[in-house]
Each structure stands twice: as structure tokens, then as C-alpha cells.
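Let me begin by presenting the structure, written as C-alpha cells, before commenting on it.
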2 protein chains.
Amino acid sequence: MELTFSALPNIPLVAPQDNVAELIIAAAQSKPIEIAENDVIVIAQKIISKAEDRYVTLNDITPSEEAKKLASEVHKDPRYVELVLRESNEVVRKKTGVLIVEHRLGFVHANAGLDQSNIEHPDGQERVLLLPINPDLSAENIRQHLKNQLGVNVAIIINDSMGRAWRNGTLGLAIGVAGLSALEDYVGGEDIFGRELKVTAVAAADELAAGASIVMGQTQEKTPVVLVRGYTPQQPTDPDQQGITPLLRSKEQDLFR
Amino acid sequence: MELTFSALPNIPLVAPQDNVAELIIAAAQSKPIEIAENDVIVIAQKIISKAEDRYVTLNDITPSEEAKKLASEVHKDPRYVELVLRESNEVVRKKTGVLIVEHRLGFVHANAGLDQSNIEHPDGQERVLLLPINPDLSAENIRQHLKNQLGVNVAIIINDSMGRAWRNGTLGLAIGVAGLSALEDYVGGEDIFGRELKVTAVAAADELAAGASIVMGQTQEKTPVVLVRGYTPQQPTDPDQQGITPLLRSKEQDLFR
């Protein structure tokens, strides 16, 4: 088995209202590469957020009393903290310089995924970029657009660099998924000696997102779309298990919250 | 940029005292593929452990009182729990069926990485396979062997499937590293608009380990070696930052222990 992770070239800087699916089609044609059935396309969150105009100008934000108090605790800009709180279900951990929350989308993420690098700050106005409103839906819309235009079924993963417990360094992980089962379930399977497999599930979407992240590199804007070929996506059998839902461990099930 | 993750074919079932580096050379020749400078070779922990004869027969183990007590709390075999404790610095979390520890090697891992799937159980004797004694050293030895035999500098990552806080599903992550910097540091770098990058470090070895894990699939024994081409390994500048050391967050620095 061989997997290739190829950066699609010539993706321009993305601006609000750009159609990311069309940018992907144009980039593939320029390579040239024919997007094919079962390809997985991993897209950096940042360009989805830009296309969806998820910019907020910090000067437009009036922090709440709660945000001011928290900002002084963790030594961050109160306007920034206000935005983190608006994007979050709850604060999970905090210390100076660190604010880890459960994002409103259900995953645990530092600063609710707010981003200030690789974005333009027009007229010196400090802006931040929020995560997409609904990354699973963003992914599904791109998947449908590619299906309509190219006649092929692909899988889409939107990834973001995330920190984690226990280990240093960020990993690219999935925050939105369409057209594949984010979790591959091996329960009931057998190992090569016919013994029942006890490992339950592999976070396939996260493994693909991580591999693509290496190709994107740190300054993701340069190569924010990676085409993965050679993987056969599993499809979710349960309609409740679409998107990133199967990857999310609830607070009640989580020993580390 | 393009990364390819290729499974090396024809790796036989590994037995104690097998030379994994020689198996890799033979597998590459059979493909045929020429192992080249800067290739990254990701190897499943399981075959390293088998080659290093890290098998233990459960019937040979006499559980301590501590192991018996803990085993009854989490509903596991006391002999198995005894081995987990011997392989661990401390228990981090426990509940029925779950035992998460800080492994003696410094990372947090369920059941100290003890494995019972895809291993032979001769004469019906239940065996478990422990992690390698020193995976960084195992990786370095293989790296040196390949350098001596083939005259090329490669990087070696030994990976294992690991659970994590907050998210469901396992990921393939690095437990041993040689010939590359496990963490890529961007502190002091600039983004594409010349703004200082605040993200500190990318867990490159983990991202490569995760991508390779997709190729290995769940029953790792079938394709336990994956050659990654297209990545240029960074080298650690600080001699204290060899191997997986830079990936390990100490308990004192960890908000989730």
C-alpha cells in the first residue's frame, strides 16, 4: 500500500467569499492532477475561515466583566479573551498565557482555535480569525461541489494544528470531515493469528490530517490544500456518526477534564 | 511538496534475535526500492519488541499485593497489572477496564503499551509483549546499521498506537526517534506577512508516525515498516534534545495530569 500526500500548487491567498472548491479545481488543473474517486482532500482550517469571512477586528469587541477578569488572570488581551469565551462551551484549564477550552463545536482546543498568524491586519487594525461556523458542513459543501463539477466522490478533511495533553508540540487534527468515517472501527475483527482484536477504533481522519499537516508546513497559507491518494475511505454506517462526531469524547467519558 | 508513505513488502513475521535493519534492507530490495538519504523509515513498535524478545508469559508472573488490589479495582488480570506496574513510573488514571500510566520511558500510555494482539501464544500460554527497553536506542542502532550497509543517512521513527485525552480513537505516535528532530521549532520565525510566529513547535515525528500508521493499518504485523520520502528531517541542535525527549511534557508542566 502506498499513500501520497501532494500539496496542490497555486492556491492564491484566500479572501472572503472565495469559493474554496473552485480554487481546488483550478489548482488541480494547474498541477496537472485529475481529482479521482476516493481521493481525500485535506484543507487547512485557515483558508475555510478566510473564505467564510470569520475575521473579527479586536477594536470592535467590548469585553465582558468575565472576560476582563479572566484576561487579567492569564495575561491576555481582554478583547481576545472575550472572543475565546464566545466561541467556547467552557474553560477547561487556564494559567498565564494559556487558555484551554471546550470549543462550541465540542473539541478541546487552546484559545478556541483563534488565530492571528498568517492573516492580514489592514490599516494596522489587529484582527483574529475564528474557526468556521460549522466545519463539517463546510467540508460537505466542498465535497458536493466537487462531486457536481467533477463527477467524483472524494472525502474532505478540514484540519487545524492542535496541542494535546501529555506531549509537546502541535499536531494537525481533523475539525471537519465529510465523505469518510472519521473513526475506523475494528471491534469484532481478528488479528493475524485469529485472536479477537481488543483495540476499538483508529482515528483515521486525525491520522490523515496529521500526515497532511507535514506537507502544509508551519506557514500553512503557502500550501493549504493537500491531496491524499491511496486510502480507501470507510463510510459511516450510522447517520449519527457523520463528520467529526465520532472523534469527540464527551466530558463525562473523559478522564482528563 | 509531495510525501509518499510506502509500505515495505515481504517483511516476515519477526522472531526474537531477528535483525530488523537487515529485514528492512531485504524488503526494500524486493520491492525494489533504493533507500535514500533523508528517507524516514517508520517501524511498528511490535516488531522491534518481538526482535528484542520482550515477550512475557503471564503464568510466570507473581502479582504483588499492590497489583492484586489494583487489578480488582479495574477488573484486569493481576499478572497483567503487575507487568503494567513494573513498566510504569506511576498510575495516572484508572477505572474499570482502563489503566493509564506514565510509562518508565516518560510518556503517558494505556496499559504501559502492553500488547496481546498479533502475537503468538505458544502451547496456549498467554503472553504479552512489552515495549522495547529503549526505543530511541533501538532506532539509533537501526539507523547506524543502514548507514553502515547502505551508506545513507536515514531517520528512524518507532511508532505505537496510542489513545489520547479529549478525543476518541487511537493515533500512531512516536515512541522512539533517531536521525531527526522530533519537534520542529518555529519560535522566532515569521509568518507569510512578516508577523512573528507565536506557535512554538510542531510535533513532526508524531505527524509522520500518524501518517505511517494509516498505511500500516490496524493489523500492523502485515505491513509494519513504512518508508516516507519527500520530507527533509531537521536535526536536533541541542544534544539533550535527541530522540523523543522533546515530545515529552513533564508532569509538572502538564495541566492534564
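The values are calculated or read from the model by the stated rules, or taken from the named source; none is laboratory data. What you see is a predicted model, and the numbers here were worked out from it, not measured in a lab. When we count neighbours, we look across all protein chains shown, and the Cβ atoms used for this are built from the backbone with ideal geometry, even at glycine.
Numbers below:
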| quantity | calculated |
| --- | --- |
| Residue, surrounded by the fewest Cβ atoms within 10 Å (Cβ to Cβ), within region A:101-116, restricted to residues that are without any contact (Cβ under 8 Å) to a residue 24 or more places away in the chain and within 12 Å of chain B (Cβ to nearest Cβ) | A:Q116 |
| Residues of region A:7-27 classified as touching a helix residue (DSSP H, G or I) at 6+ places or on another chain (Cβ under 9 Å) and surrounded by 20 or more Cβ atoms within 10 Å (Cβ to Cβ), total | 8 |
| Single condition B:P246 does not satisfy, out of (1) surrounded by fewer than 19 Cβ atoms within 10 Å (Cβ to Cβ); (2) at pLDDT 90 or above; (3) out of contact with any strand residue (DSSP E or B) (no Cβ under 7 Å at 6 or more places or on another chain) | (1) |
| Number of positions in region B:144-185 that are among the β-branched types (V, I, T) and farther than 13 Å from B:I41 by Cβ | 2 |
| Top-ranked residue of region B:2-16 - restricted to ones that are part of a strand (DSSP E or B) and not aliphatic (A, V, I, L, M), ranked as farthest from the chain's Cα centre (by Cα) | B:E2 |
| Residue list for region B:167-186, restricted to those being part of a loop (DSSP other than H, G, I, E, B) and either acidic (D, E) or within 11 Å of chain A (Cβ to nearest Cβ) (or both) | B:N168, B:G169, B:S181, B:A182, B:L183, B:Y186 |
| Number of the exception - A:A165 against (1) in contact (Cβ under 8 Å) with a residue 40 or more places away in the chain; (2) more than 29 Å from B:E252 (Cα to Cα); (3) of a type in the set (G, A, S) | (2) |
| Any hit, region A:119-140, residues being among the aliphatic types (A, V, I, L, M), surrounded by fewer than 23 Cβ atoms within 10 Å (Cβ to Cβ) and within 11 Å of another protein chain (Cβ to nearest Cβ) | yes |
| Of residues in region A:77-95 being out of contact with any helix residue (DSSP H, G or I) (no Cβ under 6 Å at 6 or more places or on another chain) and surrounded by fewer than 20 Cβ atoms within 10 Å (Cβ to Cβ), the one nearest to A:K50 (Cα to Cα) | A:R86 |
| Of all residues making up region A:141-160, the number that are closer than 17 Å to A:R229 by Cα, away from chain B (no Cβ under 14 Å) and in contact (Cβ under 8 Å) with a residue 40 or more places away in the chain | 7 |
| Region A:18-44 residues that are in the same structural domain as A:V177 (by TED's automatic domain parsing) and closer than 16 Å to A:I157 by Cβ, paired with ones that are β-branched (V, I, T) and modelled with pLDDT under 95 (beta carbon under 6 Å, 6 or more apart) | A:N38/A:T232 |
| Set B:R143, B:R167: member being out of contact with any Ser or Thr (no Cβ under 9 Å at 6 or more places or on another chain), under 18 Å from A:L171 (Cβ atoms) and among the charged types (D, E, K, R) | B:R167 |
| Qualifying residue in region A:189-200 (condition: within 12 Å of another protein chain (Cβ to nearest Cβ), closer than 21 Å to A:P239 by Cα and modelled with pLDDT under 95) | yes |
| Criterion violated by B:S72 - all others in (1) surrounded by 14 or more Cβ atoms within 10 Å (Cβ to Cβ); (2) over 26 Å from B:P224 (Cα atoms) satisfied | (1) |
